[in-house]
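Let me begin by presenting the structure, written as structure tokens, before commenting on it.
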Amino acid sequence: MLTWLPQNVSTFGGDVDHLFHIIYYITGVWFVAAELFLFYCLVRFHKSRQAQPLYARGESSSQAAWVLVPVLVVLMLDLGIDKIGGDVWHRIKLELPPAGDQVHVTGKQFNWEFTYPGPDGKFGTADDQTIENELHVPVGTVVRFELSSKDVIHSFFVPALRLKQDAMPGRTIKGWFEATQPGTYEIACAELCGFGHYGMHGVLTVHTAADYQRWVQSTWGAAKAAAK
Amino acid sequence: MGASAHAPTAVAAVNDDAFKDIARGRIAVWWFLASEIMVFGGFITCYVLFRYAHGGWEDAARHVNWKLGAVNTVVLLTSSLTMILAHHAVKVGDKQGVKTFLGLTIALGLTFLVIKGFEYHAEFAEGFTPLSGLFWSFYFLMTGLHGLHLLVGIIINLSLLVMALRGTIWACGDRVELGGLYWHFVDVVWIFLFPLLYLT
Amino acid sequence: MATATPSEIRVGAHHEPHLGFLRSYVFSVDHKVIAKQYLGLSLFMALLGGAAAYLIRWQLAWPETYVPGWGYVEPQQYNAIITMHGTIMIFFVAMPFVLGAFGNFLIPLMVGADDMAFPRLNMMSFWTLFVGSAVLIASFFVPAGPAAGGWTAYAPLSARPIYTGVTWGQNLWLIAVAIEFASFLMGGINFLTTALNMRVPGMTLWRLPMLVWTELIAAVLFMLSVGPLIAGAFMLLLDRIAGTSFFVPDKGGDPLLWQHLFWFFGHPEVYVVGLPGFGIMMEIIPVFSRKPLYGYKTIVWGMIAAGVLSFVVWAHHMFVSGIDPRLATPFSITTILISVPFAIIVFSLLVTLWGGKIELTSAMLFAVGGLATFIIGGVTGIFLGSAGLDVYLHGTYFVVAHFHYTLMPLAIFGGFAGLYFWFPKMFGRMMNETLGRIHFLATFICFNCVFIPLFLAGVAGNPRRIYEMSSYDFLKPAQPLHVIATIATLGLLAGQIPFIINFFMSLVRGRKAERNPWHANTLEWCTDSPPPHGNFSQPMVVYRDPYEYGNPDAPKDWMAQNEPPAAPAPLGGGQIRRTGTR
Ligand SMILES: [Cu+2]
Ligand SMILES: [Cu+2]
């Protein structure tokens, strides 16, 4: 099951995968135990092998313990999962590390718009550039994004980053990621947004530092890029 | 072995089950009212959340006529009192009282609707419609639904009044009580709506 | 309000009324007839929902190819089909099946009553649902097609016709769903009043069969959760047709509000559908294990706890929707804690099997098969409930597989188990066991082959509600999974053919059923199969709890609830008097 996970290229993706593994093994043990117990009962206590059923009502405390003690173990494991999962959530969505780079992501039917502040590093200036469906970031840099939508709800989903955040019309939602490996990765929309939802397809390009400079130059022109 | 299997008192012991003493009609009406409370609770919660989250509603809220709203509150509270008196009259067998108080309740309910109509008229004249902003959407939606509920209450009371005039009401006296439960519910909804819509 | 006919008159007085066809079979007030009407409606709607599943799966496995019996599926059509599939299956199949059919048939019989507390209201509940179904089906035929905003109808997609192109389809969808809510609210009045007020002497709350408990809890959960969504549906309809902006941000509305209203209802709704499925299992497993249900009171308290908890978990559907991220932590904790009451229920059922004398009838196979598959649905809920992991899994096929693994074992496996078990009581004839077992094997194997691959697709990051995914490179490995799932779906649909044959053949040619073919304890088995008008030929008295099986001190291995104890209790005539006649 776990081998189906796509390659992870974000700093917090490893935490998500780790959490996945922990829950997978904890619940896996319970799942196998419960199914084996069930199957064993059906075979061992089939009426062809059992003349007189055991009469137990499970009401006395010693009998109820057969249910309640495993339940107590479940409770303890739940709390453990809560703790680990809470930490992962905290890291992804609650901590905003200082930005190395910024981008505005806007969903609309049926494209992603990525607005870059340009060499001056400020939004709302003349050198802002909006590129549809292409997100370019440098590797090893914290990228802060502001997510919004022009029409309906979309969901910004980059499987390789283990990142998902809905784009909500009327709100601007802040988030971040840091890619660890250069390459191109796909961006999908994960919230039904209309008949073109399935084609709302973007590409994240993670550049090496040198590569990123080249991209900046080709986009803004050599002179302006040098000012950065 | 289950203790119950040999317990000779098994049957006698269970007849003092409290639930069985509640009249069916009352369970049904309470169920209905509980689901209605959840519906109005939904509206009111949405309204409060919006109002809390977005500023600027005070300007809109200033245009509702709180004086007429206050008069209407008194009217409805009085109608609840007459409803209780009608129920009391059924209990003590006061034939004339039942008719009088049901009639009064209906008249007060109608008064409320007429006053509410004047309010709507004035607001529309000023150009406020359900599309004039979220406050007005909520205002017309909630007061409108409340008015419809009141209208239903008036129809119920009218049918009770007809039964009282024909004298058939004495065969099923708890209907006035059940109708009253509904009436008080409509009244209580207004008690929430009035301060939320008019006074804040 | 109170029905004019006191039950004393109706009990035992078997003046089979000559009502004519219309009043006996169509506008009947007999809870047994109404239950069968619910059953028929839900099975009919299941055909529609199943056909939708077929189209969805075909499109996903072999995108944009000709679907036999239909044609090509267009993107807009696809969205409409998934919307209708979800809506039909939850609101018009699962609910009428486990609540409408089994609740109506069994609550009065199990508490020993002659009918529901308000028979005419009961009839109205069904016909209201019928109207709702008709409105939903009508929405297929309006210009611009049926609703296409998903069964969750998230605003603003659903709030403005311009976003989907759907006009009256979405309006009718809202109206149909609102009518359905009204229908089950009316039904709930009867469930509660009958179960509380019409129990025969001796039938204390702690002697109620579990099915009655689950139906009761389900009805209360539904009533307490649906109100805000009814308010929301009202506001959404106004947004659509009057132009208000409750859920659209342009004039200050908030799309998130709809999600809060929807899921405040949506999560308890899962238990509304699920708990009665458990109730059916809890009736069947003790019977075919010849053992008492293990820890009756623990289970009841567990279910009540699950019901209470279900009201404080709804935001787990909204972790990445833009709510304040600090809210995710408490909702994640409550969500994962839900596993505790469900562990109580599942473990109790498992321990009930231990040391039993197990007979694998079709009913028992579906009950334990449902239990075995529900465990998968249960454990995968932990993955999604953990907010940190939900960041990745939210909105993928993992979610799809998860909720099919919770709802299908409980509502469909449970429902089928109930049908095989109570068919003799409902229709007076036995079903064919061989066909039943074939039906079970086909359903069980194919069901797992549909949804296990979808878990994997979800892990691979495959978003749901995607018309076709061939443009995504990272989903290439997942494509074969969809082919497997689709072939298994065809098997799953074909696997229902033995059931349909069995159902209709048994109706006319099945072996005549005796009163109590399974040697079960609950009161419905103490009357004829099918029960006469008025249900019981003499007033019932209950002496014990419903699961007295395999008691070594008893003369036989079952003790019906109404069987007087060995040393007869001194019974005064007055004590047998039926109560609750007001
Ligand atoms: Cu989108
Ligand atoms: Cu949920």
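The values are calculated or read from the model by the stated rules, or taken from the named source; none is laboratory data. Computed from a predicted structure; not experimentally measured. We place every Cβ from the backbone using ideal geometry, glycine too, and count neighbours over all the protein chains shown. For the accessible areas, the whole protein counts, side chains as well, though only heavy atoms, and no ligand, DNA or RNA atoms are used. Shrake-Rupley method; radii C 1.70, N 1.55, O 1.52, S 1.80 Å.
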Residue C:122 vs. criteria of a type in the set (S, T, N, Q), more than 24 Å from the chain's Cα centre (by Cα) and in a helix (DSSP H, G or I): no
Among the residues of the stretch C:182-209, write down those that are without any contact (Cβ under 8 Å) to a residue 40 or more places away in the chain and aliphatic (A, V, I, L, M). C:192, C:196, C:205
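Any residue at all in the stretch C:424-443 that's assigned to a loop (DSSP other than H, G, I, E, B) and in contact with a strand residue (DSSP E or B) (Cβ under 7 Å, 6 or more places away or on another chain)?
Step one: list which residues in the stretch C:424-443 are assigned to a loop (DSSP other than H, G, I, E, B), which gives C:428, C:430-432.
Then keep just the ones that are in contact with a strand residue (DSSP E or B) (Cβ under 7 Å, 6 or more places away or on another chain); that gives C:428.
Within the stretch C:424-443, one or more residues are assigned to a loop (DSSP other than H, G, I, E, B) and in contact with a strand residue (DSSP E or B) (Cβ under 7 Å, 6 or more places away or on another chain).
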Subset of the stretch A:176-203 that is open to solvent by less than 10 Å² (accessible area, probe 1.4 Å) and away from ligand 1 (no atom under 16 Å from the Cβ) - its residue that is nearest to residue A:152 (Cα to Cα): A:177
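Which of the following residues is open to solvent by 80 Å² or more (accessible area, probe 1.4 Å), away from ligand 1 (no atom under 16 Å from the Cβ) and facing another protein chain (nearest Cβ under 9 Å): A:51, A:34, A:64? Please lay out each step first, then the result.
Numbers: A:34 fails: open to solvent by 80 Å² or more (accessible area, probe 1.4 Å); A:64 fails: open to solvent by 80 Å² or more (accessible area, probe 1.4 Å).
Result of the check over A:51, A:34, A:64: A:51.
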Test: residue C:329 is open to solvent by 10 Å² or more (accessible area, probe 1.4 Å), closer than 13 Å to residue A:85 by Cα and within 16 Å of ligand 2 (Cβ to nearest atom): no
Restricting to the stretch C:521-561, and then to whatever is open to solvent by 30 Å² or more (accessible area, probe 1.4 Å) and in contact with a Phe, Trp or Tyr (Cβ under 7 Å, 6 or more places away or on another chain), can you tell me which residue is nearest to the other protein chains (Cβ to nearest Cβ)? C:552
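Can you name the residue in the stretch C:305-322 that is more than 7 Å from chain A (Cβ to nearest Cβ) and more than 14 Å from ligand 2 (Cβ to nearest atom) and is also least open to solvent (accessible area, probe 1.4 Å) among such residues? Lay out the reasoning, then the answer.
First pass over the stretch C:305-322, keeping only residues more than 7 Å from chain A (Cβ to nearest Cβ): C:305-319.
Narrowing further to those that are more than 14 Å from ligand 2 (Cβ to nearest atom): C:305, C:308.
On the way: C:305: 43, C:308: 97 Å².
Among residues in the stretch C:305-322 that are more than 7 Å from chain A (Cβ to nearest Cβ) and more than 14 Å from ligand 2 (Cβ to nearest atom), the one least open to solvent (accessible area, probe 1.4 Å) is C:305.
May I ask you to say which residue of A:155, A:149, A:218 is surrounded by fewer than 21 Cβ atoms within 10 Å (Cβ to Cβ) and among the small types (Gly, Ala, Ser)?
Values: A:155 fails: surrounded by fewer than 21 Cβ atoms within 10 Å (Cβ to Cβ); A:149 fails: surrounded by fewer than 21 Cβ atoms within 10 Å (Cβ to Cβ).
Exactly one of A:155, A:149, A:218 is surrounded by fewer than 21 Cβ atoms within 10 Å (Cβ to Cβ) and among the small types (Gly, Ala, Ser), namely A:218.
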Does residue C:278 meet the test of being at the interface with chain B (Cβ under 7 Å from one of its Cβ atoms), open to solvent by less than 10 Å² (accessible area, probe 1.4 Å), touching a Ser or Thr at 6+ places or on another chain (Cβ under 7 Å) and more than 16 Å from ligand 1 (Cβ to nearest atom)? no
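Evaluate the following for residue B:113: is it touching an Asp or Glu at 6+ places or on another chain (Cβ under 7 Å) and open to solvent by less than 60 Å² (accessible area, probe 1.4 Å)?
Values: touching an Asp or Glu at 6+ places or on another chain (Cβ under 7 Å): no; open to solvent by less than 60 Å² (accessible area, probe 1.4 Å): yes.
The answer is no for residue B:113.
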Residue by residue through the stretch A:1-41, note down the ones that are under 20 Å from residue C:478 (Cα atoms), part of a helix (DSSP H, G or I) and not hydroxyl-bearing (Ser, Thr, Tyr). A:2, A:4, A:17, A:20
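Residue C:234 - would you say it is within 11 Å of another protein chain (Cβ to nearest Cβ), surrounded by fewer than 22 Cβ atoms within 10 Å (Cβ to Cβ), among the hydrophobic types (A, V, I, L, M, F, W, C) and in a helix (DSSP H, G or I)? It would help to see each step written out before you state the result.
Values: within 11 Å of another protein chain (Cβ to nearest Cβ): yes; surrounded by fewer than 22 Cβ atoms within 10 Å (Cβ to Cβ): yes; among the hydrophobic types (A, V, I, L, M, F, W, C): yes; in a helix (DSSP H, G or I): yes.
When the stated conditions are applied, residue C:234 passes them.
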Considering only residues that are in contact with a Leu (Cβ under 9 Å, 6 or more places away or on another chain) and of a type outside the set (A, V, I, L, M), look in the stretch C:285-304 and name the one that is surrounded by the fewest Cβ atoms within 10 Å (Cβ to Cβ). C:298
